[in-house]
Amino acid sequence: MDKRVDTTRLQEMARAYTTSAVLYTALDVSLFTHVSNGANTEAALVEATQLRPVDVDRLVSCALSLDLLDWEDDHLVNTADVDAYLVEGKGRYAGAWMMFTRADVGGWFNMTQKMREPHSSKLGMYQELTVESARKYHQATSSIGFGAARRFVKTVDLSERRHLLDLGGGSGAYSITAAERFEGLKATVLDLPPVVVATQEYIADAGVEDRVATLGADFTVGEFPSPVDVVVMASNLPIYDSEIIGGVVARAFRALEAGGEMHLIGEMLNDDRRGPVDAAMWGMNELICGSEGRAHTRAECQSYFASAGFVDIEVIDFVPGILVRCVGRKP
């Protein structure tokens with residue numbers, strides 16, 4: 001018997017914004033931090049948050065329904081991922097990252113007008129970055145960036161490499177982590193001039209100023225510093241259109257020594273474009289940010305490498321369902 005078609009899935013999609021709003025509010029009032037610190041009943045949460053009992057009741061009901069909180073006997077506990085990433089003061093706290101796109105919410109609900117009256121540029125919002133906004137941006141994103149970088153150096157052996165070029169490296173997470181992991185490696189983070197001021201602060205905090213340098217420039221134009229033997233471009237793929245990505249990969253190829261390698265890490269669509277949803281949404285986010293970027297498929301990324309002249313090209317799951325790594329070697 002055919003499954004009956006109903007509106008359940010569509011209703012859930014139409015009201016998906018409510019889930020985000022509950023998470024934002026829980027973080028606003030430090031709900032998960034209070035629970036972790038022992039305010040694990042509704043009465044204790046009323047005192048800790050200074051909210052009305054009825055609003056604590058509403059918020060706890062939502063958090064339980066969303067599997068953010070759970071019951072342990074008669075008191076509340078955080079679920080495992082919440083306890084790991086959403087409790088303030090813990091080493092892996094990622095609350096800033098979860099709130100990173102909150103300011104964009106209004107833009108998402110104004111998408112129709114943005115499409116009918118488009119105003120875009122090559123870099124969109126990124127061309128307006130100041131040192132202070134770059135600092136704020138990377139305060140929100142660096143925890144995730146350094147986590148991905150640690151995965152990268154565990155996955156990719158750079159022990160025989162001498163100089164890494166980190167395109168759009170932001171906080172310098174990949175360069176710093178690689179320099180810490182591989183003793184003979186030096187790195188250069190190439191990013192916009194306001195951004196590298198913030199990058200230098202991360203480099204200084206890590207104590208690797210002698211091995212990680214910065215270069216303030218727009219990597220979408222001009223030739224790259226050479227020679228280098230490994231190039232990384234990570235987590236900024238949807239910001240750019242196909243012409244720019246193809247050009248970046250081609251110029252990276254020219255900058256590399258023979259035998260050198262390039263790694264393009266980002267949110268990539270499956271070739272039929274039926275997911276992952278996250279990759280599609282990051283592409284759509286560039287409408288909100290005012291750039292000309294889009295989501296790229298795995299096959300498209302492979303073609304950028306092939307057109308540039310790379311060989312031994314592979315497209316590999318990096319963080320399954322989220323990030324993909326395309327790698328190629330210069331013959």
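Of the residues Ser291, Ser307, Ser235, Ser303, the single one that is out of contact with any Cys (no Cβ under 9 Å at 6 or more places or on another chain), closer than 25 Å to Leu185 by Cα and in the same structural domain as His163 (by TED's automatic domain parsing) is Ser235.
Going by the conditions given, is Thr112 in a helix (DSSP H, G or I) and either within 17 Å of the chain's Cα centre (by Cα) or not charged (D, E, K, R) (or both)? Considered against the rule, which asks whether it is in a helix (DSSP H, G or I) and either within 17 Å of the chain's Cα centre (by Cα) or not charged (D, E, K, R) (or both), Thr112 comes out as yes. Is one or more of the residues making up region 308-324 in a loop (DSSP other than H, G, I, E, B), of a type outside the set (A, V, I, L, M, F, W, C) and at pLDDT 95 or above? Yes; the residues of region 308-324 include at least one that is in a loop (DSSP other than H, G, I, E, B), of a type outside the set (A, V, I, L, M, F, W, C) and at pLDDT 95 or above. The residues of region 268-282 that are within 24 Å of His119 (Cα to Cα) and either crowded, with 20+ Cβ neighbours inside 10 Å or aromatic (Phe, Trp, Tyr) (or both), listed by number, are Ala279, Trp282. Would you check if Val249 is under 16 Å from Arg329 (Cα atoms) and either assigned to a strand (DSSP E or B) or not assigned by TED's automatic domain parsing to the domain that holds Pro118 (or both)? Against the criterion (under 16 Å from Arg329 (Cα atoms) and either assigned to a strand (DSSP E or B) or not assigned by TED's automatic domain parsing to the domain that holds Pro118 (or both)), Val249 does not qualify. The single condition among (1) modelled with pLDDT of 95 or more; (2) charged (D, E, K, R); (3) surrounded by fewer than 24 Cβ atoms within 10 Å (Cβ to Cβ) that Glu183 does not meet is (1).
Candidates in region 186-196 are the residues that are of a type in the set (A, V, I, L, M, F, W, C) and in a strand (DSSP E or B); of these, the one that is surrounded by the fewest Cβ atoms within 10 Å (Cβ to Cβ) is Leu190. Any residue that is β-branched (Val, Ile, Thr) and touching an Asp or Glu at 6+ places or on another chain (Cβ under 6 Å) - is there at least one of those in region 141-162? No, there is no match, as no residue in region 141-162 is β-branched (Val, Ile, Thr) and touching an Asp or Glu at 6+ places or on another chain (Cβ under 6 Å).
The set of residues from region 100-134 being touching a residue at least 24 places away in the same chain (Cβ under 8 Å), under 22 Å from Ser171 (Cα atoms) and not assigned by TED's automatic domain parsing to the domain that holds Asp191 comprises Phe100, Thr101, Arg102, Asp104. Of everything in region 29-44 that is surrounded by fewer than 15 Cβ atoms within 10 Å (Cβ to Cβ) and small (Gly, Ala, Ser), the residue that is farthest from Met98 (Cα to Cα) is Ala43.
Does Ile316 meet the test of being among the hydrophobic types (A, V, I, L, M, F, W, C), surrounded by fewer than 19 Cβ atoms within 10 Å (Cβ to Cβ) and either in contact with a Cys (Cβ under 7 Å, 6 or more places away or on another chain) or on the phi < 0 side of the Ramachandran plot (or both)?
yes
The single condition among (1) in a helix (DSSP H, G or I); (2) among the hydrophobic types (A, V, I, L, M, F, W, C); (3) modelled with pLDDT under 95; (4) surrounded by 15 or more Cβ atoms within 10 Å (Cβ to Cβ) that Ala103 does not satisfy is (4). Only one of (1) over 21 Å from Phe152 (Cα atoms); (2) without any contact (Cβ under 8 Å) to a residue 60 or more places away in the chain; (3) touching a Gly at 6+ places or on another chain (Cβ under 7 Å) is not met by Ser291, so which one is it? Failed condition: (2). Entry remark, region 279-307: residues being over 14 Å from the mean Cα position of the chain (by Cα), assigned to a helix (DSSP H, G or I) and among the small types (Gly, Ala, Ser) number 4 in total.
The values are calculated or read from the model by the stated rules, or taken from the named source; none is laboratory data. In this text the structure is predicted, and so the values were computed from the model without any measurement. As a convention, Cβ positions derive from the backbone with ideal geometry for all residues, glycine included, and neighbour counts pool all protein chains shown.
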